[in-house]
Amino acid sequence: MRFILVAFLSMMMLPFVGKAQMKNPVSWQFSVKKLEGDNYRFEAKAVMESGFHIWAQDPGGDGSLIPTSFTAEELQSGWVGEWKEAKNPKVQNLEFIDGAVRWHDKEIVFYRDFKGKRGDKVKGAVQYQSCNDKMCYPPAIENFIVAVN
């Protein structure tokens, strides 16, 4: 009888498994801006909910932090330079991590310049970790495909 009761309760819980997902506190917007000639800028803008942050590309600390990082397919005309942050990250020493840590809150734009033409597509992904003052979510990946217009 006990086995039947446990089996029944387990079956009743199946529809709820996987429905309790964490809400992502970071939203991303991806765009391409025309510069001069055949030069363009790819921008990835992260907007964080109040109280949350993401780590900078160089998060500092003791090596345990997950940096915000980008992977992108090679473009026919090529990338120019490295990924950059539009503003300096906040820097703070925390008692439980060796070394200063660097992060962005509210919003941040990451960018990289490239040579291209209309019709090209910028494809890739950003990996990041969002945290608040109590916890960090597991790392997340956001894919992007943006056409050059």
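Any read-out appearing in this document is the output of simple, stated calculations on the displayed coordinates, not a laboratory observation. Just so we're clear, the structure is a prediction, and the values are computed from it rather than from any experiment. Positions of Cβ are backbone-derived with ideal geometry, glycine not excepted, and every protein chain shown enters the neighbour counts.
For the residue pairs 106/134; 87/117; 23/45; 45/90, alpha carbon separations beyond 26 Å are given by 87/117.
Taking every pair of Cα atoms in the chain, average 1/r, invert it to obtain the Kirkwood radius, and report Rg/Rh to two decimals.
Details: Rg = 20.6 Å, Rh = 17.8 Å.
Over the Cα atoms of the chain, Rg/Rh equals 1.15.
The residue list 54, 119, 104 was ranked by how far each Cα lies along the charge dipole of the chain toward its positive end, using unit charges on Cβ atoms, and 119 comes out on top. How high is the relative contact order of the stretch 23-147, in percent, counting Cα pairs under 8 Å that sit 6 or more residues apart? Value for the stretch 23-147: 31 percent.
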